[in-house]
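Asker: Structure in structure tokens, see below.
Here, each number is a calculation from the coordinates, and none is a lab measurement. Just so it is clear, the structure is predicted and the values come from calculations on it, not from any experiment. Backbone-built Cβ (ideal geometry, glycine too); neighbour counts: all protein chains shown.
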Amino acid sequence: MHSGYKFLIIVLALTLAVAGCKGKSTSSSTTTTTTTTTPAATTTSSGVKIGNGSGSGFVTGTLGIGLTTVSAGGTTSVIANLVDANNNVYSTPVDITFSSACSAQNLAALTSPIQTVNGTAITTYTAIGCNGADTVTASTVVDGTSLAATVNLTVLPAVVGSIQFVSATPTGISLKGTGGAGLAETSTIVFKVLDSTGGPVQNRAVDFALSTSVGGITLSSASGTTDLSGQVQTIVNSGTVATPVRVTATVTGTTISSQSDQLVISTGIPDQDSFSLAVETKNVPAAWETNGVNTSLTLFAGDHYNNPVPNGTPIHFRTEGGFVVSSCQTIDGQCSVTWTSNNPRPSNGRATVLAATLGEETFVDINGNGVFDTGDTFTDLPEVFLDANENGTHDAGEEFFDYNMNNTYDATDGKYNGLRCTHPTLCGTAKTVYVGSANVIVMSTNDPYDFTVTVYDTATSLPVVLPISLSATPHTYWVEVEDSRGQIPGLGSSLTWTTTLGNLPEPATKLIPNTNAPGPWAELFTISKKDTDANGTTGKMSIKLTLPDNSTVTVTLALLAAP
């Protein structure tokens, strides 16, 4: 057979084999569809073109521009023209959209869209941080065809006008080695470099410096470069000594600088002597017989250096009488909850409220190195307990915060329990302990029949003998007021003295103070005979207790003008 025929037969066979393979694979393979995007054109099928100019001077695909080199913060015009197939003005109004890489990053401003007038659309390009080359694109749709044209420009490097402090996050950090539980040991400091027009300056080097490095404070980086928004940052790493610190940022090669706000480095947890619970109304009127009477409790918490503890520090509350909101979180070193009158009511009418949180024992840093070590003194703490009988000692049945979860109340351990301890023998195993503060609320009554008013003679310390004998020499007595539980009246109560004989030089009314001091409430008063009181004349003195609801209790005493 002729070699040419052999070649033809082989080719035919291969063609049939390949065709057979394609046919066979069609039933078991997945069809893949590829989508391609048609780039915008410069000319429509009807001949409408985008560019600049008109007539014989029309340039297709290139926009007109006022300035190809723009200063930082400067402006230039960008012009788009539409013409028909004969390069005559395309008069039908069309919206032209202008864009650029810098405008997409808010580093340049372009007015857009612009509607053509007699085939022309003019926008203004403003450089507000862009640096270097930028390309402006004008795009539109005519007769269903997407058209686009471009022009290149260059923005000159900005002249730095200023550097501004932006933020420190967080504004307070804990000492090195004491972080955790939401307490950071680092803070991110951000600055922004601006040009003379107020726009951001990118790709500028900035140097950082600390106001102090005491205790080993460091920066993550001593320099940085601004990003597209003109911002640059560094990180402050805390040291072992509590101190305020600031970061100074200087634009490299210039004297343009700025300083951050103050950053506070501290322990970040409360210590016992900086932990205090305050009560708004200590002797709460009608709390004994009425449910739902409220008063506010505010807990103040500071650390070893008496700086406010970090925002969000949780404080826990419990009470033996009424009920109290279980917890709050500090803001600027304090937070408040509400106590409400309710059962149970302690038999003596005094409800102790306890606030507690995790903290550390207080120590006196003799050598000022920020840690508890040789020569320092400390206050040893037992487990925090609710002192229901107010005797200052934990007694059986009194509830406590069981820090080590051993189901047993633990007294002091003779060791310093805190975050920073290097003492050779006195470092406790616990780095934190519960710190606490208690206060007492008197559940006062507005029931006038529940009060006793008694007058005593200071000379004998016994109840007065009636009638009270008045002489020209003033004599002092005291009056005691208490309810059936031995407690004082509620805040807003008052005592008033009136007499038909003798002289009362002191104010006729005394107000019950805001106090939780154990009752009764006592007030002194002095009375004497007037020159006009004839010997043997009788009279009476009334002492009236007015309660917050205006109910009253009155005691009347017989008086006699003595010779």
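Asker: Helix 3-26 against the longest principal axis of the chain: what's the angle in degrees, Cα atoms only, rounded to the nearest 10?
Answerer: Once rounded, one gets 20 degrees.
Asker: So what is the calculated 222 nm ellipticity per residue for the chain, using -39500 (n - 2.57) for each DSSP H run with n of 4 or more, over all residues, to the nearest 500 deg cm²/dmol?
Answerer: Working: 2 runs with 28 residues, N = 563.
Helix contribution divided over all residues of the chain: -1500 deg cm²/dmol.
Asker: Per q in 0.12, 0.13, 0.17, 0.23 1/Å, what log10 I(q)/I(0) does a Debye calculation on the alpha-carbon atoms of the range 448-561 return?
Answerer: Once normalised to I(0) and log-transformed, intensities are -0.42, -0.49, -0.81, -1.31.
Asker: Charges on Cβ only, +1 for Lys and Arg, -1 for Asp and Glu, centred on the Cα centroid of the chain; of 98, 83, 297, which one is farthest towards the dipole's positive end?
Answerer: 83
Asker: Determine the sum of side-chain charges near residue 520: Lys and Arg each +1, Asp and Glu each -1, restricted to other residues whose C-beta is under 11 angstrom from that of residue 520. Provide the component values of the computation, followed by the final result.
Answerer: Values: positive: 485; negative: 480, 482, 483, 523.
So the surrounding residues net to -3.
Asker: So, one more: What percent do you get for the relative contact order of the range 445-563 when only Cα pairs under 8 Å and 6+ apart count?
Answerer: Details: 274 pairs, mean separation 39.4, N = 119.
The normalised contact order for the range 445-563 reaches 33 percent.
Asker: Which number gives the lysine pairs in the chain that have C-alpha atoms under 26 Å apart and are eight or more places apart or on different chains?
Answerer: Taking the Cα cut-off of 26 Å, the pair count is 14.
Asker: Moving on to the next point. Excluding residue 131 itself, calculate the net charge of residues whose Cβ lies under 14 Å from the Cβ of residue 131, where each Lys or Arg counts +1 and each Asp or Glu counts -1. Mind showing how you got there, number by number?
Answerer: Values: positive: 204; negative: 134, 195, 227.
Local charge sum for residue 131: -2.
Asker: Describe numerically, in nm with one decimal, the distance between label points set 7 Å from Cα along Cα→Cβ at residue 458 and at residue 141.
Answerer: Taking the simple label geometry, residue 458 and residue 141 are separated by 9.9 nm.
Asker: Next question, about the same structure. For the chain, list log₁₀ I(q)/I(0) at each q in 0.06, 0.07 Å⁻¹, using the Debye formula over Cα point scatterers of equal strength and ignoring solvent, two decimals each.
Answerer: Scattering profile of the chain, log10 relative to I(0): -0.67, -0.77.
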